[in-house]
Amino acid sequence: MGTTSKASQRITALLDENSFVEIGALVTARATDFDLKQAETPSDGVITGYGVIDGNLVYVYSQDAAVLNGSIGEMHAKKITNLYDLAMKTGAPVIGLIDSAGLRLQEGADALNAFGEIYSKQVTASGMIPQITAIFGNCGGGLAVFPTLTDFTFMEKSKAKLFVNSPNAIDGNEIGKCDTSSAAFQSEEAGIVDVVAEEAEIYAKIRELIGFLPANCDEEAVADCSDDLNRASEELANCVGDTSIALSQIADDGVFFETKADYGKSMVTGFIRLDGITVGCVANRTEVYNEEGEVSEKFDAHLSPRGCEKAASFVKFCDAFDIPVLTLTNVKGYASTKCAEKRMAKAAAQMMAAFAEATVPKVNVIIGEAFGSAYVAMNSKAIGADMTFAWPTAKIGSMDAKHAAQIMYDGKGADVISEKAAEYEKLQASVQGAARRGYVDSIIEAADTRKYVIGALEMLYTKKEDCPDKKHGTV
């Protein structure tokens with residue numbers, strides 16, 4: 001591998017020192033039309049090979065923008081598809097480092113077919129091996145489908161561009177008005193990007209993520225654990241609002257890797273380890289705390305379309321790779337805006353289906369309110385949670401007691417409403433009532449959450465669940 005190209009420097013920065021082995025270094029373009037015969041195409045604009053991250057085998061391709069702008073032609077694509085074949089045979093992740101002008105126009109239909117062959121390999125590999133994309137330069141047009149066919153996407157915060165149509169090609173828009181290709185837009189509005197960071201930090205975050213993931217769908221993600229399995233978290237009861245903090249407190253060594261942190265912020269998704277085992281986490285959130293420890297954003301305890309879509313996709317990934325799922329539930333309804341209404345029912349259905357279809361161990365901890373069908377959608381016992389815990393302060397029912405009383409005793413005086421609300425809360429909205437009916441397995445102190453969840457996951461370690469005889473669901 002050459003030592004001067006940016007493409008090779010990126011691989012060196014990502015992998016363990018001196019571990020990279022290049023494949024196909026001598027491949028060049030076969031096409032000769034439109035002056036390609038005179039053009040030098042070393043490695044045909046993409047460096048491919050394998051190496052290790054903390055000793056774990058990974059396959060990497062890195063596009064070289066210095067060679068025909070990193071454009072994808074027949075041989076460029078063949079190198080990437082060959083890499084995918086090796087990765088699937090050996091059961092190891094593929095990491096793509098993107099910096100490309102897209103389709104190589106000089107190669108016409110050959111280049112178009114090349115795109116399709118890469119798409120096909122990505123789809124085949126989906127659910128078999130983890131796929132990660134990092135965007136450092138241009139990723140436009142048909143190339144923008146690459147990251148959306150993979151599992152996790154990283155994007156350099158200032159130079160990277162991700163777009164199907166460039167900002168200036170969108171009716172009524174120009175890049176000065178709204179840069180739809182920017183990392184900020186793609187992470188906050190489109191929800192495609194998991195992590196936005198400086199280039200050096202991206203390498204560190206990819207390495208961290210690889211440590212959480214199994215090599216393939218038949219292996220387990222396990223690390224050594226020196227943290228006390230029975231460690232109490234006295235501050236956990238104060239973290240109902242910002243559940244990213246709560247998950248950090250539950251986790252081995254306080255480490256939580258959040259995915260899509262900038263998108264659908266009223267829902268938290270990401271990975272922690274419990275007794276060394278990787279666990280996928282989904283949690284409702286009503287507050288975001290900044291680095292100064294101040295509340296920077298607030299949300300209602302409602303499911304949003306973005307949050308549900310984010311959770312559904314994440315749970316499907318966890319189920320495909322046999323990663324147990326933990327949910328922290330604090331929800332009392334659905335977002336009620338005109339914009340949300342367009343997608344709310346469909347998004348909630350997708351999340352509910354993802355939880356219901358997942359056959360991995362599923363544990364739910366009700367940490368706050370759990371009202372209505374929004375609660376049912378959040379990995380409730382009704383749709384397949386194996387173990388459900390609740391904190392003593394939790395409330396579980398069809399709706400808030402006061403609202404229920406107002407509906408049932410419409411037209412009655414305030415005293416009657418208050419009396420019936422108190423009665424309803426005791427009988428139909430209390431955690432004790434839900435536990436008596438078997439909807440909650442145990443009421444636990446907040447501080448002991450880590451201990452109980454680890455115990456439940458150990459018990460569920462050998463879980464087997466037969467699926468109905470069908471190809472797949474359609475939700």
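The values are calculated or read from the model by the stated rules, or taken from the named source; none is laboratory data. All values derive from a computational prediction rather than experimental measurement. Every residue, glycine among them, receives a Cβ derived from its backbone with ideal geometry; neighbour counts consider all protein chains shown. To get the accessible areas, we keep the full protein, side chains included, count just its heavy atoms, and leave off ligands, DNA and RNA. Shrake-Rupley method; radii C 1.70, N 1.55, O 1.52, S 1.80 Å.
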So, of the residues in the range 48-93 that are closer than 16 Å to Leu143 by Cβ and of a type in the set (A, V, I, L, M, F, W, C), which turns out to be surrounded by the most Cβ atoms within 10 Å (Cβ to Cβ)? Ile72
Any chance the range 247-255 includes a residue that's among the β-branched types (Val, Ile, Thr) and closer than 21 Å to Lys395 by Cα? no
Condition set surrounded by fewer than 22 Cβ atoms within 10 Å (Cβ to Cβ) and polar (S, T, N, Q), scope the range 358-379, selection farthest from Ala312 (Cα to Cα): answer is Ser373
Does at least one position in the range 97-116 carry a residue that is open to solvent by 20 Å² or more (accessible area, probe 1.4 Å), closer than 20 Å to Phe163 by Cα and free of Cβ contacts under 8 Å to residues at least 12 places away in the same chain? yes
Filter the range 191-238 for residues that are open to solvent by 20 Å² or more (accessible area, probe 1.4 Å) and among the aliphatic types (A, V, I, L, M) and give the result. Ile192, Val196, Ala200, Ala204, Ala215, Val222, Ala223, Leu229, Ala232, Ala237
Kindly indicate which of Ala101, Ala109 is part of a loop (DSSP other than H, G, I, E, B) and more than 25 Å from Gly51 (Cβ to Cβ). Ala101
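Return yes when Val60 is free of Cβ contacts under 8 Å to residues at least 60 places away in the same chain and in a strand (DSSP E or B) and no when it is not. Working first, answer last.
Details: free of Cβ contacts under 8 Å to residues at least 60 places away in the same chain: yes; in a strand (DSSP E or B): yes.
Yes: the conditions hold for Val60.
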If we keep only residues of the range 340-352 that are open to solvent by 20 Å² or more (accessible area, probe 1.4 Å) and among the aliphatic types (A, V, I, L, M), then the residue farthest from Leu236 (Cα to Cα) is Ala345
Filtered residues of the range 288-339 (kept if closer than 30 Å to Asp218 by Cα, in a loop (DSSP other than H, G, I, E, B) and open to solvent by less than 60 Å² (accessible area, probe 1.4 Å)): Phe321, Ile323, Pro324
Here are the criteria: (1) under 27 Å from Phe321 (Cβ atoms); (2) at pLDDT below 95. Tell me which single one Asn168 does not satisfy. (1)
Within the range 441-475, restricting attention to residues that are hydroxyl-bearing (Ser, Thr, Tyr) and modelled with pLDDT of 95 or more, which residue is nearest to Thr329 (Cα to Cα)? Thr449
Any chance the range 138-150 includes a residue that's among the aliphatic types (A, V, I, L, M) and not in a helix (DSSP H, G or I)? yes
Condition test on Ala221, is it modelled with pLDDT under 95 and over 15 Å from the mean Cα position of the chain (by Cα)? yes
